[in-house]
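Reading through the structure tokens given below for one structure.
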Amino acid sequence: MPTSAVALALGAAVLHAVWNMRLARAADTEAATAVTLAAGVLLLTLPALVTWRVDAAAWPYVAGSCAFEIGYIVTLAAGLRRGDLSVVYPLARGSAPVLVLAVSAGVLGAATSAWQVSGVLLVAIGVLLVRGLRRPADPGVIALALACGACIAGYTLVDARGIEHAAAMPYLWVVLAVTALVYVPLVARWRGGGALNAELGWGTLVTGALFCGAYLLVLAALRLAEPGPVAAVRESSVVIAAALGFVVLHEPVTGARAAGALLVAAGVAVVALA
């Protein structure tokens, strides 16, 4: 995997962990997610128009990515509302690279080395240790996290092909704009306009910028490497999220979680060097 792709995926991991932590701290997670999504679309509008290039061949991929992105946003927000960041985030992010690698190699026929498979498995095992084996009080949290992981795998595979036919910013803008048109009205109906207004502010713009930045870095990495390795390196965000959970959200970090973090780091190194 090229060093530049590794750097881009690691940068995406940092930004992603931070914006998820910010959403987990929100008083109303779904409202905060909706406003963050809208802010991201607003921030990307001008750059997307200036760099506009979306070929006709990209639109089927855009449609697929929109479907997975909507599923991702819905399951992520619901999961963070019902469960802890240190439970939802590792399960969602850890299941994604395993699914991406399985589909890439088994269905799409992408070239995959034994080292890359080993690295992804290390990431997956490490993620489970970071998450912990104790069953959460709400079993539905696990289902939401795994569904979120499936959506992540879906849009990663779709975007890896779609980005070949479009510039990164307009591609992302279209996907997020469609997602916002679906999700924001739903949240307004569920939570009410007052909940959305309460989440407006500079902090929302910052979170929206982090959200878009993480996605753009992943798209850039997918131009340089296969989706399986990119997804695996990207999941180093689990370690960052665990650290943020401990330092900012005051969640406990057990020996198993520390060991899991080391396994994630080792898996990332294996994938990066393969």
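The values are calculated or read from the model by the stated rules, or taken from the named source; none is laboratory data. For clarity, every value in this text was computed on a predicted model and none was experimentally measured. Here Cβ is always computed from backbone atoms with ideal geometry, including for glycine, and neighbour counts include all displayed protein chains.
Give all pairs with beta carbons closer than 7 Å in which a residue from the range 200-219 that is within 22 Å of Val230 (Cα to Cα) meets a residue that is acidic (Asp, Glu); count only pairs at least 6 apart in sequence or on separate chains.
Correct list of pairs: Leu219/Asp159.
Quick check, is Ala258 surrounded by fewer than 16 Cβ atoms within 10 Å (Cβ to Cβ) and either touching a Ser or Thr at 6+ places or on another chain (Cβ under 7 Å) or among the aliphatic types (A, V, I, L, M) (or both)? Before the answer, list the steps.
Working: surrounded by fewer than 16 Cβ atoms within 10 Å (Cβ to Cβ): yes; either touching a Ser or Thr at 6+ places or on another chain (Cβ under 7 Å) or among the aliphatic types (A, V, I, L, M) (or both): yes.
Judged against the criteria, Ala258 is a match.
Would you mind stating whether Ala242 is in a helix (DSSP H, G or I), surrounded by 20 or more Cβ atoms within 10 Å (Cβ to Cβ) and modelled with pLDDT of 85 or more? Outline the logic, then answer.
Working: in a helix (DSSP H, G or I): yes; surrounded by 20 or more Cβ atoms within 10 Å (Cβ to Cβ): yes; modelled with pLDDT of 85 or more: no.
Taking the combined requirement at face value, the residue does not satisfy it.
For the range 24-55: of the residues being small (Gly, Ala, Ser) and part of a helix (DSSP H, G or I), which is nearest to Ala214 (Cα to Cα)? Give the steps one after another, and end with the answer.
Step one: of the range 24-55, the residues small (Gly, Ala, Ser) are 24, 26-27, 31-32, 34, 38-40, 48.
From what's left, part of a helix (DSSP H, G or I): 24, 31-32, 34, 38-40, 48.
Values: Ala24: 17, Ala31: 20, Ala32: 18, Ala34: 17, Ala38: 16, Ala39: 14, Gly40: 11, Ala48: 16 Å.
This residue is Gly40.
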